[in-house]
Amino acid sequence: MTAISPSSTVTARLVVTGAGGQLGRELLRRAPAARAFGRGELDITDADAVGAVLEPGDVVLNCAAYTAVDQAESDAEAAFAGNATGPAVLAAACARVGARLIHISTDYVFAGTSDKPYETDDPTDPATVYGRSKSAGEQAVLELAPLAHVVRTAWVYTGRGSDFVATMVRLERERDTVDVVSDQLGSPTYAADLAEGLLELAGRPDAPRVLHATNSGQASWFDFARAVFAGIGADPTRVRPCDSTAFPRPARRPAYSVLSNRSWADAGLTPLRSWEAALGDALSGLSR
């Protein structure tokens, strides 16, 4: 995906919440003039604090979220505070001052039992506390902020820190073989590509209110892991398939969470490239 110059697509002031996360950091690399607020700098559940930083005409990119999927099962209050209350506060504040909100959501709002890519208007039916909290956040944003957009994405990575790609790179060094589940399908999404797409959307107030944005194509975690190994010059057969029962977790993972990007393309937004091409760039970047 070609890098987008924010100045060519966005004239409003950008505000990034959740700026310390992987997507927030990628947005700031491309839009360094944006006002950035990490978790310790702005509590999005605090209406007074949020109201104090917004101005008319702002475009707010909300990357703030509670993302501890398993922990949410036993800490629903925190999950709903971060994923429902916070976005509701942001949405109400944006509506009050005349700002526009772009809120990031997730494939977990769907049941994960489909056999074809989820469209934006497919019924949501989250199976986890995390998914239910994100679904509640979506509903609040759409109800409270007439100018808002909800953008669902999935399997986001940068290749740094502790995400899936970084973990596979580390395990390749540490283990002879790695077992990875092969019965969960999704669309790996490079945070750099997603950030570029969101900045393009920031300049498109006419776009649909609900959109899906992922790199194109689909893969299992097993496929994804083998591609990581191959991309760093390791033998991909060292990655062995297993099913989800090998890694029981408090929160059930979606078996199928591929999101259709039809709405994004139909809106005239630049489609995100294939996940394979994006992964190649991500891995090449790790060696620099």
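The values are calculated or read from the model by the stated rules, or taken from the named source; none is laboratory data. Values in this document were obtained by computation on a predicted structure and should not be read as measured data. So basically every Cβ, Gly included, is an ideal-geometry build from the backbone, and we count neighbours across all protein chains shown.
Descriptive notes on the structure:
- A search for C-beta distances below 9 Å between a residue of region 263-288 that is within 15 Å of residue 202 (Cα to Cα) and small (Gly, Ala, Ser) and any residue that is at pLDDT 95 or above and in a helix (DSSP H, G or I), counting only pairs 6+ apart in sequence or on different chains, returns 267/201.
- Residue in region 117-130 that is surrounded by the most Cβ atoms within 10 Å (Cβ to Cβ), counting only those that are of a type in the set (D, E, K, R) and in contact (Cβ under 8 Å) with a residue 60 or more places away in the chain: 119
- Of all residue pairs spaced 6 or more apart or on separate chains, those with beta-carbon atoms under 9 Å, a first member in region 237-254 that is within 18 Å of residue 70 (Cβ to Cβ) and a second member that is assigned to a helix (DSSP H, G or I) and β-branched (Val, Ile, Thr) are 249/69; 250/69; 251/69; 251/129; 253/69.
Condition check ((1) in contact (Cβ under 8 Å) with a residue 12 or more places away in the chain; (2) out of contact with any Ser or Thr (no Cβ under 7 Å at 6 or more places or on another chain); (3) of a type in the set (A, V, I, L, M); (4) on the phi > 0 side of the Ramachandran plot) across all residues:
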position: 22; (1), (2), (3), (4): yes, no, no, no
position: 44; (1), (2), (3), (4): yes, no, yes, no
position: 64; (1), (2), (3), (4): yes, no, yes, no
position: 67; (1), (2), (3), (4): yes, yes, no, no
position: 83; (1), (2), (3), (4): yes, no, no, no
position: 91; (1), (2), (3), (4): yes, yes, yes, no
position: 101; (1), (2), (3), (4): yes, yes, yes, no
position: 107; (1), (2), (3), (4): yes, no, no, no
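- Answer residue from region 147-205, given it is touching a helix residue (DSSP H, G or I) at 6+ places or on another chain (Cβ under 9 Å) and of a type in the set (Asp, Glu) and is nearest to residue 229 (Cα to Cα) among those: 172
- Meets criteria (surrounded by fewer than 21 Cβ atoms within 10 Å (Cβ to Cβ), within 29 Å of residue 94 (Cβ to Cβ), of a type in the set (A, V, I, L, M, F, W, C) and in contact with a Leu (Cβ under 8 Å, 6 or more places away or on another chain)) for residue 147: yes
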